[in-house]
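The values are calculated or read from the model by the stated rules, or taken from the named source; none is laboratory data. These numbers were taken from a predicted model, which means no experiment stands behind them. No Cβ is skipped: glycine too gets one built from the backbone with ideal geometry, and neighbour counts run over all protein chains shown.
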Amino acid sequence: MNAQTAPESTARAAGDAQTLAALYAAPEILRVVNVWDAVSARVVAELPGTRAIATAGHGIAASHGYPDGERIPLDVMLAAVERITATTALPVTADLDGGFGDAGETVRRAIGVGVSGANIEDQLRPLDASVAVMRAAISAGEREGVPFVLNARTDALVRAGDRPRAESIADAIERGRAYLDAGAQCVFVPGVLTADETRELVAGIGERRISVIGLPGALAAAEYEALGVARISYGPMPQNVALTALKRLGESLASDGVIPEGTEMLNNL
């Protein structure tokens, strides 16, 4: 893998951002299988139907021995993302957590390694502060000449605590509208959403303006698509599935098992 220069990466990000925005707006839901390193990115990128690559912040942190939640140094995170962008010609949207204390600077640096879009969390900060974070991310893209595709994440559901669900949905809608007004392309509302809740969010924020996560118990991608959702991602779950397979293999080999027939050699970069 040959690292691109910063101008090359920025030029790539600008072109990829237009492609990524069109994928969000398309009638077909954008399905992204989150990756955490170069080899997982290459495997996913080569799958038929893959149109964009999304990094998993939790997965990258775990692969470097850090817990989730901006505990991994930003330099380490961006170095991993740069290896991912170098592996594929597809648009790459990165999980940038809450912006690592300076969303504008973090986005500027992400663009410099070829990233064309990102998730940034509001972490349920007060609304004005959250809007400022999202606006800073968009403004950074504008200064770099990149129409940066922000998938603004609201934690209105996952950090709701004992708050009634209806209040959390209403909060997600209010926040989502504000983030779109600040320049976000889409609003990410993580959590296991029912069909009725999804309809309410789409009605309140906009068709093809909602991004969801595919967790156990969630609807299928096709169901979300029919409800007007723009994107579905899977967060740390692909890595969890891979690690579960590794654990099961280790248990088998410790019991005098053998490598399963049909195992593909997928780690040849």
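Would you please name the residue that is surrounded by the fewest Cβ atoms within 10 Å (Cβ to Cβ), looking only at residues in the range 182-199 that are in contact with a Lys or Arg (Cβ under 7 Å, 6 or more places away or on another chain) and not in a loop (DSSP other than H, G, I, E, B)?
188
Quick check on residue 219: is it in contact (Cβ under 8 Å) with a residue 12 or more places away in the chain, over 30 Å from residue 184 (Cα atoms) and among the aliphatic types (A, V, I, L, M)?
Criteria not met by residue 219.
The rows are residues; the columns are (1) touching a helix residue (DSSP H, G or I) at 6+ places or on another chain (Cβ under 7 Å); (2) more than 19 Å from residue 55 (Cα to Cα); (3) not small (Gly, Ala, Ser).
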| position | (1), (2), (3) |
| --- | --- |
| 119 | no, no, yes |
| 144 | yes, yes, yes |
| 167 | no, yes, yes |
| 173 | yes, yes, yes |
| 178 | yes, yes, no |
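Can you work out which of the residues in the range 65-97 that are more than 18 Å from residue 116 (Cα to Cα) and touching a helix residue (DSSP H, G or I) at 6+ places or on another chain (Cβ under 6 Å) is surrounded by the most Cβ atoms within 10 Å (Cβ to Cβ)?
72
Search the range 201-238 for residues being hydrophobic (A, V, I, L, M, F, W, C) and assigned to a helix (DSSP H, G or I), and hand back the single one that is surrounded by the most Cβ atoms within 10 Å (Cβ to Cβ).
Out of the qualifying residues, it is 201.
Taking only pairs six or more apart or across chains, which ones have beta-carbon atoms under 9 Å, a first residue in the range 64-90 that is assigned to a helix (DSSP H, G or I), and a second residue that is at pLDDT below 95 and of a type in the set (Ser, Thr, Tyr)?
What qualifies is 82/9; 85/9.
When you scan the range 5-54, how many residues do you find that are part of a loop (DSSP other than H, G, I, E, B) and either touching a strand residue (DSSP E or B) at 6+ places or on another chain (Cβ under 9 Å) or not β-branched (Val, Ile, Thr) (or both)?
16
Return the total of residues in the range 154-175 being within 23 Å of the chain's Cα centre (by Cα) and among the acidic types (Asp, Glu).
Counting residues in the range 154-175 that are within 23 Å of the chain's Cα centre (by Cα) and among the acidic types (Asp, Glu) gives 3.
Any chance you could count how many residues in the range 218-241 are closer than 19 Å to residue 56 by Cβ and over 18 Å from the mean Cα position of the chain (by Cα)?
Residues in the range 218-241 being closer than 19 Å to residue 56 by Cβ and over 18 Å from the mean Cα position of the chain (by Cα): 0 in total.
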